[in-house]
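**Student:** Here it is, the structure, as structure tokens.
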Amino acid sequence: MQMLGAPRLEVGVIVPPKHFVSIDDLNQEEMDAVFTLAERIVEADIENVGFVLDFILRFLSEEEPSRPQTKRASCAGKIMGVAFYEPSTRTRLSFESAMHRLGGNVIGFADAKVSSVAKGESLADTFRIMSSYCDILVLRHPLEGSARWASENSQVPVINAGDGAHEHPTQTLLDLFTLRKEKGRLEGLKVGLLGDLKYGRTVHSLSLALVRAGAEVALISPAALQMPEAILSRLLRENGSAVRQGEAMEEFLPGLDALYVTRIQKERFVDPSEYERVQGVYLIDKATMSAAPKDMLVLHPLPRVGEIAPSFDSDPRAAYFRQAAYGVPVRAALVALLVAASANQQDESTVPAAGGSRLRAVTCANERCITHSEPDIVPKLVKEALTDRTICYYCDAPTPVSAKGTTSISARARKGRNASHGQG
Ligand code: CP
């Protein structure tokens, strides 16, 4: 059965990036490949994933594979390394479950305090070492731009499992998968993003992907937690008429197809009193949702900490547990694709020399950027393709700089293909 809304993919249509550290790293065709494969995994039952490798090779090869189906688990003999410097339940465990289901193995740490990070080892050295032990690496880290820096120090694909308040692109894949599966399409959908749009990394990646896919977004938050200007300006440039902003949830509810609720990110507030002022500002329960359409989905990346009442869980619109469950097939599809593509491409097998950059050194304006913590990182600014302003290469923070300090390399063009896989 073809997934509703998913285009049929032809042989040899995609050249995936080596790493997945930003939602910009996958184009629409590559995302479609992930969704189509994830759907096949859901349908086939994830315990029977012998078809995955052959399925992927059809996307990656110029010709139909001539050999018979192998039925070999696609990641048999492969090792995933997980490096989690911040707490996680869903992301880490769904990655681990996905890798086990694909026939591979997992090593790593769920808490950096039990690794040599506690002795002061840098992220660059940690990833140089881990990439010599593993075939694919997954990083969660509190600093923005950390995943990009880790990828520069890894011989194997790196997946961003959340870098500070910056991005959470694999969460976006499963969010989009849920919307497509339950609503049948993304184009034209009206999606409300509610809560902490300032520090919530999931909504940063998701809003960009939704507008790119032709959906409309309503950005609903307290004034203090609005979408960062850097992302808002990209959304407006992409399609200004697809973006609305406001504070009152009830004003938007009647026209929505889905409401994506987020937790107020307490751990990212510098001033605890600021958190106290905004916590509990929105509540999803039977009463507040009586104003919403009967078929409006309620999504949440989870964990929830009070913004959705447990009594709402039995409402058919509550889709957040199904959404979390899709994390396994969607991440399995992504991991299988990147591992197969990496084995196919056999390039970039060496780690760049520490600090080796031909770009001018500058200072990022964002205090939470990885460039302020790593000993041998060379901060760089690049021009953002859509807005033409200078941003940090690692964390995307707008950083004004004199003409002398800028570089002519386009951030999006360069980062979007992870440097060397050269297609648009
Ligand atoms: N959605 C999400 O990232 O959950 P975890 O923090 O539990 O991984």
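Laboratory data are not the source of any read-out in this text; all were calculated from the coordinates shown. Here the structure is a predicted model, which is why all the values come from computation and not from measurement. Every residue, glycine among them, receives a Cβ derived from its backbone with ideal geometry; neighbour counts consider all protein chains shown.
**Student:** Give me the one-decimal nm value for the distance between modelled label points at residue 107 and residue 72, 7 Å along each residue's Cα-to-Cβ direction.
**Tutor:** Output for this residue pair reads 2.1 nm.
**Student:** Around residue 311, under 10 Å between beta carbons, what's the net of Lys plus Arg minus Asp minus Glu among the other residues?
**Tutor:** Around residue 311, the surrounding residues sum to -2.
**Student:** Let me ask you something else. Evaluate the distance, in nm, between pseudo-label points positioned 7 Å from the Cα of residue 236 and of residue 389 along their respective Cα→Cβ axes.
**Tutor:** Going by the 7 Å Cα→Cβ label model, 0.9 nm.
**Student:** Next up: For a quick check of your reading of the filter: which chymotrypsin sites (Phe, Trp or Tyr not before Pro) in the range 79-146 sit in a DSSP loop and have no more than 15 other Cβ atoms within 10 Å?
**Tutor:** Filter output for the range 79-146: 133.
**Student:** Figure the gain on full extension for residue 29 and residue 277 (residue separation times 0.36 nm, minus the Cα-Cα span) and round it to one decimal in nm.
**Tutor:** 85.0 nm
**Student:** Can you pull out the GluC sites (Glu not before Pro) in the range 79-150 whose DSSP state is coil and whose Cβ has at most 16 other Cβ atoms within 10 Å?
**Tutor:** Answer in residue order: 121.
**Student:** What is the fewest-to-most order of 264, 159 by other Cβ atoms lying within 10 Å of their Cβ?
**Tutor:** Listing 264, 159 from fewest to most nearby Cβ atoms yields 264, 159.
**Student:** Okay, moving on. Any of 113/183; 18/294; 113/190; 198/294; 181/383 with alpha carbons more than 32 Å apart? Name them for me.
**Tutor:** Over 32 Å Cα-Cα: 113/183; 18/294; 113/190; 181/383.
**Student:** Taking the number of other C-beta atoms within 10 Å as the exposure measure, put 314, 233, 74, 94 in order starting with the fewest.
**Tutor:** 314, 233, 94, 74
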